[in-house]
Each structure stands twice: as C-alpha cells, then as structure tokens.
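Since every read-out is calculated from the coordinates, none of them should be taken as a lab result. Here the structure is a predicted model, which means the values were calculated and not measured. Glycine also receives a Cβ, built like all others from the backbone with ideal geometry; neighbour counts cover every protein chain displayed.
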Amino acid sequence: MWANAATPERAKSIVENYLLNPDKFWRKNGVPTLSADDEWFSPDVDYCCKWNGPVWLLWDYMVYVGLRNYGYEEVASELAGKMILAVETQLRENHNFWESYSPDNDVLNSPSNYIWDAIMAKLLIDEYSK
C-alpha cells in the first residue's frame, strides 16, 4: 500500500482482515513485525534487532502512508496515535528513543537513542498539518 501497488480491493482486504484485527496486528503501540497469532510472535523487546513482534517506527510509518494512500485517513490517524503513545511513554519513563518498541507493553531492553526514530517528526508533520 505504501508503494500504491495493491488494488483497492486488496488494500481493503488487508486493512479489514489483518491490520485492524487486534489478535493479529492492531496492537496498543502500533503494528508489530509479526502477527500476534503466529507461534513465533513475542511482544517482548528483550534484545537487539528482534523482528518477531516488536514495533519498528520506520516500518509503521510506511503502513501509515499506505493507509493514507488508499483513503484510510481515520485508521492512519489511529496508527499515528499508537506510535505517539509508544514514543511518549518511553520518553516520559526514561527519556530515550528506542530501536524498537513492544506492541503490547512498556518494558524494553534494546538499544536506545536510534536516529531512525526521527521519523516521528515527519509523522507529526503529516498528521497535524493536514
């Protein structure tokens, strides 16, 4: 959807059947890298470079853009809120941006102060200047 490669029907199916399903991808702090119903899913961010569940803000931003590309403005805004919640929670608790964020909880043990979290500036501009 980010690349405008999906048909409108396919985009609708992705959003309705997968993305908005809280048992799969619609989690508290954003869209995880693996569906929550997968046997390998882990919401814990307990080491570096974990790709079986954590939220990576750059990739969630691409989901955000894809949603907007296909007219899902309200869903995109909800996702922006989830991303902001993840970052805001950590900034309040420990004053750090993190490599990745747990989709479900506030406990992290991954590298901190990652530059790619600067994507949040672009998200805020996109979200609040429309």
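A few points about this structure:
- Spin-label pair Glu88/Asp38, simplified geometry with 7 Å Cα→Cβ offset, distance in nm: 2.9 nm
- Cα long-axis angle, helix 73-94 against the chain (0 to 90 degrees, to the nearest 10): 0 degrees
- Eligible lysines near Lys122 by straight Cα distance, threshold 16 Å, same-chain separation 8 or greater: Lys82, Lys130
- Relative to the longest principal axis of the Cα atoms of the chain, helix 57-69 runs at roughly 20 degrees.
- Modelled this way, with points 7 Å down the Cα-to-C-beta line, the labels at Ile125 and Val107 are 3.8 nm from one another.
- Over the chain: helical MRE at 222 nm, DSSP H runs n ≥ 4 each giving -39500 (n - 2.57), nearest 500: -12500 deg cm²/dmol
- Simple label model, 7 Å out from Cα along Cβ direction - Asp46 to Asp23, nm: 2.5 nm
- Segment Glu78-Asn4, length gained on full extension (0.36 nm per residue, minus Cα span): 24.6 nm
- Every pair of different Cα atoms in the stretch 18-69 enters the Kirkwood calculation, which places the hydrodynamic radius at 11.3 Å.
- Working note: Cα gyration tensor of the stretch 4-130, eigenvalues times five, square-rooted, sorted largest first, giving semi-axes of 23, 18, 11 Å.
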